[in-house]
Amino acid sequence: GLSTNGRPIFEYTIIPPKKRYWVPIVAAMVKPPKIVIFSGVHGAERMGHLGTISFISNLMNEWKNLDGYDKLRFGVEFVIVPVANPDGINNNTRGNANGVDLNRNFDADWSQEGSPDPADPFYYGSSVASETETKILAQIPTQHSDAILFIDHHQGNEAYFYWMGSETEQGRNLCLDVMNEMFIYHQKHVNPQDGNAVIDNMGRLSQNGAGTLARWIQKQGKQCVLYESAPSGHPAIGDSWLKARKLSAHGIFTICSKAYQKYLNSQTV
């Protein structure tokens, strides 16, 4: 669809090669699991949508060279909306062209968080789902009701290296697995000079706020996790856009890899 100011909101689908089958096998038996990824809901959070775009690039162009990407490229169907708020990204603002924080505008305990003040960056809008972008995004869980996981990717602006959130025990267990993996990745590849030093409070595991896209998706009975990656300039990264972008993409990769493995483990042999 189109944003408030008429900019296109694109959805990209990446489908692995199809498997041939004969009766009594049916299509559902050979269909790959589907993961849906959103980013750019907050326009000013650059590392969120840049990390998602980097993940797409790695998946399509570097799957031969980067460990684990081959399994995702040929085992998982992806639906990706990398720029959910194009007006906000164009204006470098948290909200959309109307100044509404889209991640407080969804019909999931709307108005319990955020602000009623249109001048506030956390303004939740004049009414629930008042914004064009909200209406478009809210349709996607129904359009892709067969997805095993939805991911809402943001850039964090807190002291944490990363933080994740889910409303369900299954989602929180996935988040915890990812956070443990990301901590190891950071120690090995980002700040290996720290040696055996233990860095406390790098990650935050929480729930999803009122009016958010993640809570809305879970309200529809779908599994969704929020992932917020750190920007460049964060103390755990240093002043490097390249490191921050790689870490952002690696976080998405780790979530998808862990979810895919859990899906495979759930299948009977």
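F106: modelled with pLDDT of 95 or more, outside any loop (DSSP other than H, G, I, E, B), surrounded by 21 or more Cβ atoms within 10 Å (Cβ to Cβ) and under 21 Å from the mean Cα position of the chain (by Cα), yes or no? Here the answer is no, as F106 does not meet what is asked. Residue pairs whose Cβ atoms lie under 8 Å apart, sitting 6 or more positions apart in sequence or on different chains, and linking a residue in the range 201-218 that is open to solvent by 40 Å² or more (accessible area, probe 1.4 Å) to a partner that is among the basic types (K, R) and not in a loop (DSSP other than H, G, I, E, B), are L205/R172. Being closer than 22 Å to Q223 by Cα and among the charged types (D, E, K, R) is a property that E169 has.
Just to be sure, is Y123 open to solvent by 10 Å² or more (accessible area, probe 1.4 Å), in contact (Cβ under 8 Å) with a residue 12 or more places away in the chain, more than 16 Å from F38 (Cβ to Cβ) and touching a Ser or Thr at 6+ places or on another chain (Cβ under 6 Å)? Yes, satisfied.
Across the range 69-94, the number of residues qualifying as among the aromatic types (F, W, Y) and closer than 13 Å to L2 by Cβ comes to 0. Would you please name the residue that is most open to solvent (accessible area, probe 1.4 Å), looking only at residues in the range 142-167 that are of a type in the set (G, A, S) and farther than 16 Å from G211 by Cα? Taking the candidates together, the pick is A159. The combined condition, being part of a loop (DSSP other than H, G, I, E, B), over 24 Å from S229 (Cα atoms) and of a type outside the set (K, R), is not fulfilled by N157.
Exactly one residue out of Q170, Q139 is under 16 Å from R215 (Cα atoms), without any contact (Cβ under 8 Å) to a residue 24 or more places away in the chain and not in a loop (DSSP other than H, G, I, E, B), and it is Q139. The criterion of at least 3 residues that are open to solvent by 70 Å² or more (accessible area, probe 1.4 Å) is met by the following helices (runs of 4 or more DSSP H) wholly inside the range 1-91: 46-61. On the given criteria, is A249 at pLDDT 95 or above, of a type outside the set (S, T, Y) and not in a loop (DSSP other than H, G, I, E, B)? Judged against the criteria, A249 is a match. In this structure, does G114 turn out to be in contact (Cβ under 8 Å) with a residue 60 or more places away in the chain and under 30 Å from I237 (Cα atoms)? The answer is yes for G114. Can you name every residue in the range 224-254 that is open to solvent by 30 Å² or more (accessible area, probe 1.4 Å) and under 30 Å from D146 (Cα atoms)? Within the range 224-254, R245, K246, H250 meet the criteria. For the range 220-246, a residue qualifies if it is at pLDDT 90 or above, under 18 Å from G165 (Cβ atoms) and either touching a helix residue (DSSP H, G or I) at 6+ places or on another chain (Cβ under 7 Å) or among the basic types (K, R) (or both), and the qualifying residues are Q220, K222, Q223, C224, V225, L226, Y227, S229.
The values are calculated or read from the model by the stated rules, or taken from the named source; none is laboratory data. Keep in mind that what you see is a predicted model, and the values were worked out from it rather than measured. All Cβ positions, even for glycine, are placed from backbone atoms using ideal geometry, and neighbour counts span all protein chains on display. These area figures cover heavy atoms from the full protein model, side chains too; ligands, DNA and RNA do not enter into them. Shrake-Rupley method; radii C 1.70, N 1.55, O 1.52, S 1.80 Å.
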